[in-house]
Structure formats: structure tokens, C-alpha cells
Amino acid sequence: MVKRQVSSDVLKLVNNKTGKNVKATDVKRLASKVNQSTIKDEKQLRKLIKQVGALVNVNVSEQLTNEIVQAVRKSGMNPNNLESMIRMMSGKRK
């Protein structure tokens with residue numbers, strides 16, 4: 001099962017990186033739709049990336065989408081932990 005909790009420091013990190021006010025409920029709503037196959041299936045992963053971009057009102061270019069897809073696949077991160085994915089995409093390590 002995907003970890004649905006989003007810590008306040010991760011939410012703060014997202015808000016600081018994007019300059020937007022993203023609500024925890026919006027992140028949780030999006031996270032509730034994510035499962036292991038979302039991360040493993042490239043089409044679903046691309047859709048998730050676009051949804052995250054829409055959530056923070058940022059246009060994600062095709063090139064950036066490709067880079068994120070490659071990073072997720074190469075990272076070896078646990079696809080069950082949304083928080084680790086957010087940290088990895090933002091470049092912040094715990």
C-alpha cells in the first residue's frame with residue numbers, strides 16, 4: 001500500500017520550491033490515486049507528472065517529463081513511499 005501521509009516539512013518543501021500554496025488535502029487526494037503500477041507503467045507515470053504539474057499550476061515540458069520518468073526508473077526508490085518520491089524529485093535528501 002502507498003504511504004498516504006505527507007509530512008508538513010515535505011509540504012513546506014513543495015510550497016517553497018513551487019512558490020505556490022499547495023494544500024495537504026490536494027496532495028492526499030492525488031496520492032490516493034497512486035499505486036505501484038502507476039510508478040511502473042510509463043504512461044501512468046507521465047499522467048501523474050502532468051497531474052502534479054497541474055496541482056501546482058506549472059507547465060511541465062516534455063523534456064522535463066522525460067527526465068523525471070528516467071530519474072524515477074533509475075533511482076531504485078521505493079514506489080510505495082510518496083514522501084520519498086517528492087523528496088527525490090525536489091532534490092532534497094533526508
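The values are calculated or read from the model by the stated rules, or taken from the named source; none is laboratory data. Keep in mind that this is a model prediction, so the values were computed, not measured. Note: ideal-geometry Cβ built from the backbone for every residue, glycine included; neighbour counts use all protein chains shown.
Can you report the number of residues in the stretch 61-77 which are modelled with pLDDT of 85 or more, over 12 Å from the mean Cα position of the chain (by Cα) and of a type in the set (A, V, I, L, M)?
The number of residues fulfilling the criteria is 1.
Take the residues in the stretch 6-34 that are surrounded by 12 or more Cβ atoms within 10 Å (Cβ to Cβ), part of a loop (DSSP other than H, G, I, E, B) and under 13 Å from the mean Cα position of the chain (by Cα); name whichever of them is modelled with the lowest pLDDT.
Here the answer is VAL6.
Would you please list the contacts, defined by Cβ atoms under 8 Å and residues six or more apart or on different chains, that run from a residue in the stretch 35-46 that is more than 15 Å from THR65 (Cα to Cα) to a residue that is assigned to a helix (DSSP H, G or I)?
Note: pairs meeting the criteria are SER37/GLN44.
Answer yes if at least one residue in the stretch 17-30 is in contact (Cβ under 8 Å) with a residue 60 or more places away in the chain and touching a helix residue (DSSP H, G or I) at 6+ places or on another chain (Cβ under 9 Å), and no otherwise.
yes
State whether the residues of the stretch 39-57 include one that is at pLDDT below 80 and surrounded by fewer than 16 Cβ atoms within 10 Å (Cβ to Cβ).
yes
Right, MET88: touching a Ser or Thr at 6+ places or on another chain (Cβ under 6 Å), more than 18 Å from ASN21 (Cα to Cα), modelled with pLDDT under 85 and not in a helix (DSSP H, G or I) or not?
In short, no.
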